[in-house]
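Notes to accompany the following structure.
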Amino acid sequence: MRLFLYFAVMKEILARYIPERAIEPAFDLIVRCNVHLKIVNERATRHGDYRKMPDGRHLITVNSSLNAYRFLITLIHEIAHLVAFEKYGRYIKPHGIEWKRTFQQLMLPYINPDVFPSKLLPVIANHFKNPRASSDTDAKLSLALKQYDPENDKNYIFEIPLGGRFRLYNGKIFQRGNKRVKRYECIEISTGRVYLFNPNAEVELLN
C-alpha cells in the first residue's frame, strides 16, 4: 500500500513538470531504473544531476524552474547516464559515445508531436543526431526551448553587445569582449581577468 501511494504521488508530481503524453513512459522508466527523483530549486550551473547512492538507488535531481520540454530532456539526459554506466561500466566518458547512443535510444519514444510542439521537433531531431553534454551548448535548441520559459530579465551572452556589461548570478560584473572560435572573451570588472563564456550562458544585461 505504501509503495502504491509513493508511485501515485510520483506520477502526480511528474504531471506538474513534463508534457502530459510523456508522463506514463517517463514514470515507467523511472521505476524500471530504480530512480529516486528529486526536484530542486534552480541551480545556475546545471539543469540536472545524477549520482549513485550508497544504498544502490540512483539519485537524479532536476531544477524545478525548467519548462516542461527542457525538464523532460534533462530528466532523460540524466537517466541516460545511469543506463550507460550500468551497461558499459563506470569508466566510460560521462558524455562519450556510449552515453550519446543511450540518450538517443531513450529519447526516441518522445520525439513526436504528441509530446513536443511541431515547431520544436525539427530542432530536437537535429540535436539528437549527435547530442551534446548540455542542451545549452546547442544554440538553436537553446533558443527554441527558451520560447517556452516564463518571462525573465535574462539575456544570452551572444545577445550582449560588444563592450556591454552584464552581471552573473553570483553578483560578479563582466564586460563582453570578442568571440574566440565558439566562446566569448569577457573581462571581470573588479579584477581585470579574462574568462571565456559559452554563448548561451544566461546573464543580466546592465544598462
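The values are calculated or read from the model by the stated rules, or taken from the named source; none is laboratory data. Predicted model, so just to flag it, every value in this text is computed and none were measured. We place every Cβ from the backbone using ideal geometry, glycine too, and count neighbours over all the protein chains shown.
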_Can you go through Y184, Y169 and tell me which one is among the hydroxyl-bearing types (S, T, Y) and farther than 21 Å from D49 by Cβ?_
Y184
*For region 127-136, name all the residues that are closer than 20 Å to I92 by Cβ, modelled with pLDDT of 90 or more and surrounded by 14 or more Cβ atoms within 10 Å (Cβ to Cβ).*
F128, P131
*Among the residues of region 51-68, write down those that are in contact with a Leu (Cβ under 6 Å, 6 or more places away or on another chain) and at pLDDT 95 or above.*
I60, V62
*So which residues in region 50-72 are assigned to a strand (DSSP E or B) and either outside the structural domain of S142 (by TED's automatic domain parsing) or within 9 Å of the chain's Cα centre (by Cα) (or both)?*
V62, N63
*Name every residue in region 100-114 that is under 16 Å from I30 (Cβ atoms) and not aromatic (F, W, Y), in order of residue number.*
T102, L106, M107, P109
*asked:* It is to be established whether one or more residues within region 105-115 are under 17 Å from the mean Cα position of the chain (by Cα), surrounded by fewer than 19 Cβ atoms within 10 Å (Cβ to Cβ) and of a type in the set (V, I, T).
replied: yes
_Residues that are among the polar types (S, T, N, Q): list the strands (runs of 3 or more DSSP E) wholly contained in region 105-207 that include at least 1 such residues._
154-156, 173-180
*Would you mind finding the one in A84, A139, A68 that is closer than 18 Å to F27 by Cβ and surrounded by 12 or more Cβ atoms within 10 Å (Cβ to Cβ)?*
A68
*Of the residues that sit in region 164-203 and are over 20 Å from S134 (Cα atoms) and aromatic (F, W, Y), which one is surrounded by the most Cβ atoms within 10 Å (Cβ to Cβ)?*
F174
*Could you tell me which residue of region 150-163 is nearest to the chain's Cα centre (by Cα), considering only residues that are loosely packed, with under 14 Cβ neighbours inside 10 Å and of a type outside the set (A, V, I, L, M, F, W, C)?*
P150
*asked:* Scan region 78-86 and tell me whether some residue there is small (G, A, S), part of a loop (DSSP other than H, G, I, E, B) and not assigned by TED's automatic domain parsing to the domain that holds C186.
replied: no
*Tally the residues that are free of Cβ contacts under 8 Å to residues at least 12 places away in the same chain and either within 18 Å of K129 (Cα to Cα) or surrounded by 14 or more Cβ atoms within 10 Å (Cβ to Cβ) (or both), restricting the search to region 87-100.*
4
_Regarding region 111-123, can at least one residue be identified that is outside the structural domain of C186 (by TED's automatic domain parsing), in contact (Cβ under 8 Å) with a residue 24 or more places away in the chain and more than 25 Å from P199 (Cβ to Cβ)?_
yes
